[in-house]
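What follows is a short report on a single structure.
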Amino acid sequence: MVVHSQSGALDHCSLIKTCRPTPVAFSGIPVVNLRDPEAKSLIVKACEEYGFFKLVNHGVPMEFFANLETEALRFFNLPQSDKDKAGPPDPFGYGCKMIGSNGDVGWVEYLLLNTNPQITSHKTNSVFRENPEIFRSAVNEYVQAVKRMAFEVVELVADGLEIEPRDALSRLLRDDKSDSCFRLNHYPPCPELQALSGRNLIGFGEHTDPQIISVLRSNNTSGLQICLKDKTWVSVPPDQTSFFINVGDALQVMTNGRLRSVRHRVLADSVSSRLSMIYFGGPPLGEKIVPLPSLMAKGEESLYKEFTWSEYKTSAYKSRLSDYRLGLFEKKTAACL
């Protein structure tokens, strides 16, 4: 989820929300081997049921994980005054604690970086001020590898759904004007607040991602939770060697509700810090987000009004994190999904 924020130290704050203690780890997360001959069917099944799955045998070198994690933690461990030089975000750059413009607060600090070479940002350049060559190189090699993998994943989605042409989704992510971005989230431990309340701190509140697809990798600290169809929240066991793939709102619309964007949140840990790396694959700003013609049965109507990615993005970022953003774009005749 891409949001605006403002910088400031991660200090004690009464506005930070809490929730009931974390449930046990959920053992039912679908796992897909990217090299499995049945991967296309398994991915579609997982996206229909959960909007979410774990991807293994993905081909991204472990050294890319390690290099980026080292450099990201080096940045987040800098004195607050040094980190603030890369903020407030525009929306790129460093942000802290304040999530969005409507009062959402989380126990998180982050770096938001653009992945489109056509877009320049002074704040993005500021991030790399301390060790420009090493940090920038670590980000670039990781993002390029994840992009290639994401293209392959959405093409397998197209294969599994028999979408024609096969690159109907991947071309939007490959486009020179693709509105994709990359985010590093850091959730410091906070034993004091959790000890006082006996509850879990909300690191990042519940939401769906607006884009087409999100590709998440984190360190080995737990915290990620997803909401199942029955509204139950379950904890996702961490796996620092694998990726977790989220269906975004745009993909839900493009499949006319067949694939569902997943509602998720992150809880802060009382002992260990959590570091997440997320690639958000978005279409060009002017792209019309409508159900793909090859997916529509004869006589089937779209559940959604037509809109551009720019229109949806603008609407989504004016809302609260927990709002059902697609509700504004559903046709009145659409059945409750």
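Results for (1) hydrophobic (A, V, I, L, M, F, W, C); (2) under 30 Å from L78 (Cα atoms), shown as yes or no for each residue.
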residue	(1), (2)
I163	yes, no
K177	no, no
C181	yes, yes
L184	yes, yes
Y187	no, yes
G203	no, yes
S214	no, yes
T232	no, no
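Only one entry in L42, L78 is of a type in the set (A, V, I, L, M, F, W, C), over 20 Å from the mean Cα position of the chain (by Cα) and assigned to a loop (DSSP other than H, G, I, E, B), namely L78. Annotation note: of V215, V271, the sole residue that is among the hydrophobic types (A, V, I, L, M, F, W, C) and at pLDDT 95 or above is V215.
When you scan the range 187-199, do you find a residue that is in a loop (DSSP other than H, G, I, E, B) and closer than 19 Å to E49 by Cα, even just one? Write out each step before concluding.
Going through the range 187-199, the residues in a loop (DSSP other than H, G, I, E, B) turn out to be 188-190, 198-199.
Now narrow it down to the ones that are closer than 19 Å to E49 by Cα: none.
There is no residue in the range 187-199 that is in a loop (DSSP other than H, G, I, E, B) and closer than 19 Å to E49 by Cα.
For the range 223-337, which strands (runs of 3 or more DSSP E) that fit wholly inside it have 1 or more residues that are touching a residue at least 12 places away in the same chain (Cβ under 8 Å) and open to solvent by less than 10 Å² (accessible area, probe 1.4 Å)?
Working: elements: 224-227, 233-235, 243-247, 264-267, 274-281.
Strands (runs of 3 or more DSSP E) meeting the threshold: 224-227, 243-247, 264-267, 274-281.
How many residues are more than 24 Å from S276 (Cα to Cα) and assigned to a helix (DSSP H, G or I) when one looks only at the range 149-169? Residues that pass the stated criteria total 7. Scanning the range 36-70 for residues that are open to solvent by 30 Å² or more (accessible area, probe 1.4 Å), out of contact with any strand residue (DSSP E or B) (no Cβ under 6 Å at 6 or more places or on another chain) and farther than 23 Å from V143 by Cβ gives D36, P37, E38, K40, S41, K45, E48, E49, Y50.
Yes/no matrix, rows are residues, columns are (1) touching an Asp or Glu at 6+ places or on another chain (Cβ under 9 Å); (2) modelled with pLDDT under 90; (3) over 24 Å from S294 (Cα atoms); (4) open to solvent by less than 60 Å² (accessible area, probe 1.4 Å):
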{"residue": "R129", "(1), (2), (3), (4)": "yes, yes, yes, no"}
{"residue": "A138", "(1), (2), (3), (4)": "yes, no, yes, yes"}
{"residue": "V146", "(1), (2), (3), (4)": "no, no, yes, yes"}
{"residue": "V153", "(1), (2), (3), (4)": "no, no, no, yes"}
{"residue": "L156", "(1), (2), (3), (4)": "no, no, no, yes"}
{"residue": "E164", "(1), (2), (3), (4)": "no, no, no, no"}
{"residue": "S170", "(1), (2), (3), (4)": "yes, no, no, yes"}
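The values are calculated or read from the model by the stated rules, or taken from the named source; none is laboratory data. Just so it is clear, the structure is predicted and the values come from calculations on it, not from any experiment. Positions of Cβ are backbone-derived with ideal geometry, glycine not excepted, and every protein chain shown enters the neighbour counts. Side chains are part of the model used for accessible areas, which takes the heavy atoms of the whole protein and leaves out ligands, DNA and RNA. Shrake-Rupley method; radii C 1.70, N 1.55, O 1.52, S 1.80 Å.
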